[in-house]
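Inspection log for the structure reproduced underneath, given as structure tokens.
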Amino acid sequence: MQRLDVKVEREQLQGLSLQALLIGLVFSVCAVLIVSYAELVVKEIQIAICQFNPLALGLLAILVALNGLVSWVLRRPFLRPHEILIVYTMTVLAAMIASRGLMEKLLPALVAINYFANPQNRWAEAFFPHIPKWLVPFDPKGMEAQPSAKYFYEGSKGVVVWGEWLTPLLAWSVVVAGVWMCFLAIATIWRRQWADHEKLNFPLTQPPLQLIEPSNRSNLLRSRLAWTGFAISAFVFFVNGLNRLYPAIPQIRVSWTLNDYLTDRPFNAIFFSPPSTLPMLPSVSLISCRRNSFSASGFSSGSPVCRTLSSHGWATNTCLSTCPFTRPDFTSAIKFWVRILCLFGFSGGLHCLTFAKSSAKLSGEARLTTATS
Amino acid sequence: MPYRVAVILGVLGLIVAIVWGIAAGLSPTIAIVEFSVYLGVVVLVMARSVAEGGLMMTETSFRPIDLMRLFVPKHQLGARNLTILGFTDAVFTRDLRGLLVTPLLDSLKMSESVRLRRRSLLLPAVLAMVVGFVTAAIYQLKLPLHLWRFDDVLVCL
């Protein structure tokens, strides 16, 4: 009976459709073009560098609006929710690949070492002999700033030396394919544990789901609170965007740098601290879990305080080195965690010892009681 | 995809990455540590943080080389290892903000709500990865940075 239920449930699940796949491909290409242009040309806004992807959400909103329009014209649903999810998945993946997911890190890494090498830093002597020819688009036995590197950084009026780029890109695609295969495997293997067994929230799925599911969407579109929040954020970003393009338009200031005001000792010891009053932050903290919001605010305010105390001699360097958020030093952070592990190991060991002793004592007493009786 | 296939795919992917690292010039031990720690620890921790806490940006906490430094001074790893690690760190481990596991997990989770068969997401995901890689590579190489204008984009298209 149970098996029958599962079968019926499986049959009700929707599958892949060709139109979703084709629209997804179009949106993927659009996402790549928009991300590349925004992050590398305009450079004022990074729209796809994070897990909560503003570009993908924006394209999803456009898709939903277009879908509504086409459905109204055709008098039947054009894309159903599961098809919209397929398009969204493809868009978000392509956007992240074009951004910090891969390409914005890969291409510069392949030529930077050649372009920035010079006789003073002696990179050619130090690094080039260890680089295989197929790994990079320049000749490791050659000079600094070879054409492929120079064209990449200084422009070539659209002329790309494809012959030099093809081999390294193919070579890197092998390792990228390996890593992405692992990503697919990790997502498949851990989804069941995290989603089904541990019932984790997956908070970042809420905004897209609000747009994808028709019932949620109508609630969202009727919510005055959501529209008010959107209007405030959009207004601030719109005005500041205009200010970037046309400086005559006044800017709405949303960020201050504390370092400009705290110029004397001990307060000038704080690390770069720009507290912001971004209007989107309340909504961000709403979908993020409470512990995260608390940790973020606690750690970001704790860092300047620790630095100030340290500079005034109220905290020793040893104390600070156990505090990973006071400096961007990975070794300190690792040492901190190793110390914490040792501490837990030690206290855990003591607990086990106490437990073993009390167990031995109890069993001894029990044996004595049995012998007496 | 079925669990068994996922496990095989994961192991195969890890082997491909490690063998590639060795071919590029990493010593076998360093290649194993680099990719195993990245894929088995760092990626997993970040994915869990996003799934549970909703982290919007997964910034790097540590790289595999930071772990190695606890046991071996960095200079003892050798010039060849350090040179190649410079590439792999730049591409994979140093900046995790575009980690692709998290949107995959999110989409799998969302598929329950819209009653989509989870396996139906595999082909679109792979296609998007391939299209994203090829398009982004061509586009970002075709238009050298300081020459990029909207007109250039239209001409290129």
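Rule-based calculations on the coordinates, nothing more; no lab input. Bear in mind the structure is a predicted one, so any value in this text is a computation, not a measurement. Note that we place each Cβ from the backbone using ideal geometry, even for glycine, and neighbour counts take in every protein chain shown.
Key figures for this structure:
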item: In region B:46-87, the chymotrypsin sites (Phe, Trp or Tyr not before Pro) that fall in loop regions by DSSP, at most 11 other Cβ within 10 Å; result: B:71
item: Amide proton proximity set for residue B:116, modelled H, under 5 Å, gap of 5+; result: A:14
item: Point-to-point label distance, residue B:117-residue B:61, nm (Cα→Cβ direction, 7 Å offset); result: 3.8 nm
item: Residues B:58, B:102, A:89, sorted so that the one with the fewest Cβ neighbours within 10 Å comes first; result: B:58, A:89, B:102
item: Residue exposure sequence - A:265, B:97 - by fewest surrounding Cβ within 10 Å; result: A:265, B:97
item: Low-density loop cleavage sites - trypsin sites (Lys or Arg not before Pro) in region A:79-145, where at most 16 other Cβ are within 10 Å (DSSP); result: A:122, A:141
item: For region A:239-260 versus region B:70-112, the gap between their alpha-carbon centres in whole angstrom; result: 35 Å
item: Base-10 log of normalised Debye intensity for region B:1-149 (one unit scatterer per alpha-carbon) at q = 0.13 Å⁻¹; result: -0.77
